[in-house]
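Each remark here refers to the structure printed beneath this line.
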Amino acid sequence: MLKLSKICVRDTLRYLDLSVAEGERVLVIGGNGTGKSTLFGVISGRVKPDSGSIVVDGLDMTTIPECRRTHVISSVLQDVKAGMIEEMTILENIRLAYMRTGSNKVSREHIETFKDKLSTFGMNLENRPREYVKNLSGGERQALSIVMATSADYKLLLLDEVTSALSQKMSELVMSSIDKITSAEKKTCLMITHDMRYVNSFGDRTLEMKDGVLWEVSRL
C-alpha cells in the first residue's frame, strides 16, 4: 500500500526504505531530530526528497505536489490549531473537511457519521455543532482534527505527535479513540509519537528512527 524506496533527504534520511501493507497501523518512535517529521513530510509532499521513490496505493507520488496528494493522504499535525478555521463553527469545519476531498455537497449521512466519530471521544462535541472552534480546548480541537481527517475517503492516515500538547488524561482519551476509529475502518495508518507507553498497545508494529533509517522494534 505504501512503499518508500531509497529515500534521501540531506543530513536527515539516508536511503530509507519502508513498506506498509494495506490496513496496517504502524507506530514510529525516535528521539528529537532523528527525522520522524521529515519522513512524514516526504510522504505528504511537504518535503521533497533528494532521491528515492514514493508509491501510495499503487500510484507513484514522488513528483506529485502536496495539494494533489490530499485525496489519498490525510494528516493530523502536532499543532492543535492546524487544519481548521477558528472563526468557524464545528459544523462549518465539518463541511470544510468534506469540501477538501472534492465533495460539493455534504449529506445528512456524512454529518451523522461525523457525529458518531466525535462521540467516541466523550467530549459532547457531537451535540455542539454551532460551537465556534476558538472556544474549544486543546484536547477538543485535536479530537475535531482527527475526526475531520478520518471522515474523508483517504487511503493513508498520518498522525504526527497528536498527543504531545495534551495532558496525560486527555492523551489517553485521544489515543483510545484513535485506536477505535482506525481499527474499525481498517485504514492504513502511520503514527509518530515520543510517548513510549504506546509502543506495545497501538497498532500492529513499531519502528524506531535511528541515523536516518527505520528499525523494527520487538514488542513485549
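The values are calculated or read from the model by the stated rules, or taken from the named source; none is laboratory data. All of these numbers come straight from a predicted model, not from anything done at the bench. Note that we place each Cβ from the backbone using ideal geometry, even for glycine, and neighbour counts take in every protein chain shown.
Per-residue answers, yes or no, for (1) touching a residue at least 24 places away in the same chain (Cβ under 8 Å); (2) touching a helix residue (DSSP H, G or I) at 6+ places or on another chain (Cβ under 9 Å); (3) among the hydroxyl-bearing types (Ser, Thr, Tyr); (4) exposed (fewer than 15 other Cβ atoms within 10 Å of the Cβ):
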site	(1), (2), (3), (4)
Glu87	yes, yes, no, yes
Asn127	no, yes, no, yes
Glu131	yes, yes, no, no
Ile146	yes, yes, no, no
Thr150	yes, yes, yes, no
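Considering segment 160-191 alone, what residues qualify as being under 18 Å from Gly30 (Cα atoms) and at pLDDT below 90?
Residues satisfying the conditions are Thr163, Ser164, Ala165.
Report the residue count in segment 199-218 for those that are farther than 16 Å from Glu24 by Cα and either surrounded by fewer than 13 Cβ atoms within 10 Å (Cβ to Cβ) or not hydrophobic (A, V, I, L, M, F, W, C) (or both).
Residues in segment 199-218 being farther than 16 Å from Glu24 by Cα and either surrounded by fewer than 13 Cβ atoms within 10 Å (Cβ to Cβ) or not hydrophobic (A, V, I, L, M, F, W, C) (or both): 6 in total.
Restricting attention to segment 156-168, does a residue exist that is part of a loop (DSSP other than H, G, I, E, B), exposed (fewer than 13 other Cβ atoms within 10 Å of the Cβ) and touching a residue at least 60 places away in the same chain (Cβ under 8 Å)?
No, segment 156-168 contains no residue that is part of a loop (DSSP other than H, G, I, E, B), exposed (fewer than 13 other Cβ atoms within 10 Å of the Cβ) and touching a residue at least 60 places away in the same chain (Cβ under 8 Å).
Within segment 1-47, which residues are part of a strand (DSSP E or B), of a type in the set (S, T, N, Q) and loosely packed, with under 14 Cβ neighbours inside 10 Å?
Taking segment 1-47 and keeping what is part of a strand (DSSP E or B), we get 2-9, 13-20, 25-29.
Filter once more, so that each one left must be of a type in the set (S, T, N, Q): 5, 19.
Result: Ser19, single match.
For segment 40-57, check the following and say yes or no: at least one residue is more than 27 Å from Asp211 (Cβ to Cβ) and either out of contact with any strand residue (DSSP E or B) (no Cβ under 6 Å at 6 or more places or on another chain) or small (Gly, Ala, Ser) (or both).
Yes, there is a match, as at least one residue in segment 40-57 is more than 27 Å from Asp211 (Cβ to Cβ) and either out of contact with any strand residue (DSSP E or B) (no Cβ under 6 Å at 6 or more places or on another chain) or small (Gly, Ala, Ser) (or both).
From the set of residues in segment 99-121 that are over 11 Å from Val147 (Cα atoms) and surrounded by 12 or more Cβ atoms within 10 Å (Cβ to Cβ), which is modelled with the highest pLDDT?
Ile111
What is the residue count in segment 68-92 for residues that are polar (S, T, N, Q) and either at pLDDT 90 or above or outside any loop (DSSP other than H, G, I, E, B) (or both)?
Matching residues across segment 68-92 total 3.
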